[in-house]
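One structure below.
The values are calculated or read from the model by the stated rules, or taken from the named source; none is laboratory data. What you see is a predicted model; the values in this text were computed from it and never measured. Because the Cβ atoms are built from the backbone with ideal geometry, glycine has one as well, and the counts that use them run over all protein chains shown. All accessible areas refer to the heavy atoms of the entire protein, side chains included, with ligands and DNA or RNA removed. Shrake-Rupley method; radii C 1.70, N 1.55, O 1.52, S 1.80 Å.
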Amino acid sequence: MSGRAALLGGLLLAGLSAMAPAASHELAGTSWQLLAIQSMDDAQGTTRVHEPGRFTLEFGRDGRAALRLDCNRGSGTYQVQAAADGSSGTLSFGPIAATRAMCPPPHLDERIARDLAHVRSYLLKDGRLYLSLLADGGIYEWAPLAPLSGAAARQDSERIVRPVQFGKGSNSTVIGARIVGRQYIDYELRAGAGQRMTVSLEGSNGATYFNLLPPAAHDAAMAIGEQIGNRFDGLLPDDGVYTVRVFLYRAAARRNEVSDFTLAIGVTGTPLRPVPAATDAVLPGTRHHARTTTPCEPLYSQARSCEALVVRRGFDGTATVVLRWDGDRQRRILFVRGEPKAADTPQAMSCTRNERGWRVSFNGEEHFEIPEPLVYGG
């Protein structure tokens, strides 16, 4: 039996178990982001979601569900009959009322809204939520939403902030600590573009993970420990305070589980300093040397023009390019001698040269046109 078939069998069996009262189920008050859609058809396989935070599901305590469906929003009722252990049971959704904006391909919003009507059971396993569709229609795999970040996180009483400082003559440190339940710890350290950061995490609880957030990030991580075996080794695209966030997945946090962990952080290399304003004038009140607009195709957005800013770090094509769209969304790309080398996203980066500059893509689905004069000046 395939892994997908075995999981589906477990979900269906859960629906036949002795049921507890609906008020005791574990889903109420939880929020999830979509990781993958598993098809029972081996030819179709698994559809991975590259930006899980664009597709979210929140189970309200009042029996209503709230959804983010890419560029749309939706809501509807849900009903749960939980098994005795609370980790599985039957689940059904009422009609979903959703906005109808035309999201860019691959139009997963339409597929998800349609499939929710066919959900019949659920399973909580290893910190994940699995929703099974009727008649072997497939399985939706969800992960808990990451802890809050930015201003909202600073108001969260469960957030612990710890500055990271290396000992004299050292470029690394090893930290031992404990988190309990909903606690999460933000380890903050300042680093510069072009430096290399390493992060590794070992926890006594298998639900212990880290996210690496770039400077001034709202909710988008540039590295997700769960996807890379809790190991990161990469160049930094910009200057500022980076945050290594250590947390327990929500299911473990809700059970008030404990994790004793060891976190190793290192930063090596010499930062690529910005060209001083006396040599290359900056825009008034900013750190940027130039600004323009450029064609772009951000994932899960209808924007086709982005604001492009640059912090030049030489006149040899070394610079940090900042792309902005939809108000607060952005992408930072580090160029070194005319080649893109790092970015603030976990997605794979590729680049093609053209007569105007570069076309930088992420996972072949998100694209940005970078004009050559922006990077080199002149």
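Overview of values
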{"item": "The chain - Cys residues lacking any other Cys C-beta under 4.7 Å", "result": "CYS351"}
{"item": "Projected-area mean, the chain, by convex hull of Cα positions, square nanometres", "result": "20.9 nm²"}
{"item": "Selected from CYS351, ALA83, ALA216, residue furthest toward positive end of dipole (the chain; charges at beta carbon)", "result": "ALA216"}
{"item": "Debye, to nearest 20: dipole size of segment 305-378, +1 on Lys, Arg Cβ, -1 on Asp, Glu Cβ", "result": "240 debye"}
{"item": "Among HIS289, ALA252, CYS103 - extreme Cα towards positive end, dipole of the chain, charges at beta-carbon", "result": "HIS289"}
{"item": "About the Cα centre, charge dipole magnitude for the chain (Lys/Arg +1, Asp/Glu -1 at Cβ), debye", "result": "660 debye"}
{"item": "Sequence-separation-based contact order of segment 296-377, relative, with Cα cut under 8 Å and 6+ spacing, percent", "result": "26 percent"}
{"item": "Sum of side-chain charges, GLY240 neighbourhood, beta-carbon under 13 Å (Lys, Arg +1; Asp, Glu -1)", "result": "-1"}
{"item": "Accessible area of the chain belonging to carbon and sulfur atoms, whole % at 1.4 Å probe", "result": "49 percent"}
{"item": "Relative counts (whole %) of C-alpha pair distances in segment 333-378, using bins that are 5 Å wide", "result": "5, 22, 35, 23, 11, 3, 1"}
{"item": "Rg [Å, one decimal], Dmax [Å, integer] - segment 256-335, C-alpha atoms", "result": "17.6, 55"}
{"item": "Normalised contact order of the chain, rounded percent, pairs of Cα under 8 Å and 6 or more residues apart", "result": "12 percent"}
{"item": "Å² per residue, accessible surface of segment 249-288 at 1.4 Å", "result": "54 Å²"}
{"item": "Equivalent-ellipsoid semi-axes of segment 240-301, from the Cα gyration tensor, Å, largest first", "result": "40, 22, 11"}
{"item": "Value at 222 nm in deg cm²/dmol, rounded to 500, when DSSP H runs of n ≥ 4 in the chain each add -39,500 (n - 2.57)", "result": "-2500 deg cm²/dmol"}
{"item": "P(r), alpha carbons of segment 187-240 - 5 Å bins starting at zero, rounded %", "result": "4, 19, 29, 25, 15, 6, 2"}
